[in-house]
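Trainee: Take a look at this one; I'll ask things after.
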Ligand SMILES: [Zn+2]
């Protein structure tokens, strides 16, 4: 039986609420892992008799120990990048000027659709492996990955097959999402593409169990409330629940619909109304805030109001929204922006990136907090105060990442 003892952590952050802390910080506690499970959390004095010759002991004095992060909203599988576009946008004023400076035929989603169509299965698989490796080195042990740069049948399915192969070959836990409703095929037109997705692609994805969830972008400029609802209801016929992109650019009632349809989560929320905040707070649906997207896209300063949503009782999760327009891997950057721009304290940020993110994926029975019986997904940071992740933004404090009871990242030799 493989055993690891994490000994005498300065801060053992369980993310289980206690009287003094929203994230249950235990001082000088130890944690014993047996196989892939957290077996015991106690003082070293009470655990030391369980240590045998096969137990690996990790000294965590002066360190912070936390659950692995869960990233509940990413578009991690895509072809190429949008580096030229990102840089061109710094000075360009409109999309024609961006295209000219960037030397690109298309910008935005259209650019990534053509690059994803060109990349092929192997190209998508290899580049995704690199991104997942970067994520786990930053403490992200579980990730939701969407399709959505095929906007057809074949490339959407290829993307989901890439995600399936990744699930089988990487340590990270992966949740696969079919995001056919990220855009529509311009030649087909929106109505015909929506019908095609509903009649041909979604049933294929469902029957072949290629996705755990579905996703659609519900806004006044893309899919309507009625279309979103029909798409979600169809997915449920195949046993898939949903997450949606909504209330990013308009307040057409995406959150209200998400709550009524009892879906797992809704992301963006820049335009959520007070009435919808109330509805969301009284539901099981999780609100996902995407700080680096709000930073990159700006929305004329209209940020998702994390502070207000938490104060009114919404379960708020954080995500990187890793995608070609917003290449974010660092939880430190997300957490600092969540703090300084969205009003979320470091403890609310940590909870948003662990337990609340697990709730957004309905994985919270096994993941998202350090509790006896849960999966041993753990990160050990070389800092005595976890709030340094916000204060010293951009630093990667990780010594070790443990996934399902195995040390998969060891950075102690990098120092
Ligand atoms: Zn997204």
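Trainee: Here are some conditions: (1) surrounded by fewer than 20 Cβ atoms within 10 Å (Cβ to Cβ); (2) under 29 Å from the mean Cα position of the chain (by Cα). Residue 26 meets all but one. Which one does it not meet?
Mentor: (1)
Trainee: Oh, and also: So, in segment 141-156, how many residues would count as being touching a residue at least 24 places away in the same chain (Cβ under 8 Å) and more than 16 Å from the ligand (Cβ to nearest atom)?
Mentor: Kept after step one, since they are touching a residue at least 24 places away in the same chain (Cβ under 8 Å), are these residues of segment 141-156: 141-153, 155-156.
Narrowing the set further to residues that are more than 16 Å from the ligand (Cβ to nearest atom) leaves 141-142, 152-153, 155.
Summing the residues that are touching a residue at least 24 places away in the same chain (Cβ under 8 Å) and more than 16 Å from the ligand (Cβ to nearest atom) in segment 141-156 gives 5.
Trainee: Also, I was wondering about something else. Go through (1) out of contact with any strand residue (DSSP E or B) (no Cβ under 8 Å at 6 or more places or on another chain); (2) closer than 22 Å to residue 356 by Cβ and name the single condition residue 45 misses.
Mentor: (2)
Trainee: Test each condition in (1) in contact (Cβ under 8 Å) with a residue 40 or more places away in the chain; (2) within 16 Å of the ligand (Cβ to nearest atom); (3) crowded, with 22+ Cβ neighbours inside 10 Å for residue 183 and report the one that comes out false.
Mentor: (3)
Trainee: Further, regarding this structure: Quick check, is residue 100 over 24 Å from the mean Cα position of the chain (by Cα) and surrounded by fewer than 22 Cβ atoms within 10 Å (Cβ to Cβ)?
Mentor: In short, yes.
Trainee: Kindly indicate whether any position in segment 405-415 is at pLDDT below 95 and under 27 Å from residue 81 (Cβ atoms).
Mentor: yes
Trainee: Continuing with this model, one more query. Within segment 157-180, which residues are touching a helix residue (DSSP H, G or I) at 6+ places or on another chain (Cβ under 6 Å), over 25 Å from residue 377 (Cβ atoms) and within 16 Å of the ligand (Cβ to nearest atom)?
Mentor: If the condition is that a residue be touching a helix residue (DSSP H, G or I) at 6+ places or on another chain (Cβ under 6 Å), over 25 Å from residue 377 (Cβ atoms) and within 16 Å of the ligand (Cβ to nearest atom), then 178, 180 are the ones that fit.
Trainee: Scan segment 346-353 and tell me whether some residue there is surrounded by fewer than 20 Cβ atoms within 10 Å (Cβ to Cβ), in contact with a helix residue (DSSP H, G or I) (Cβ under 7 Å, 6 or more places away or on another chain) and at pLDDT 95 or above.
Mentor: yes
The values are calculated or read from the model by the stated rules, or taken from the named source; none is laboratory data. Computed from a predicted structure; not experimentally measured. Reconstructed Cβ throughout: ideal geometry from the backbone, glycine too, with neighbour counts over all protein chains shown.
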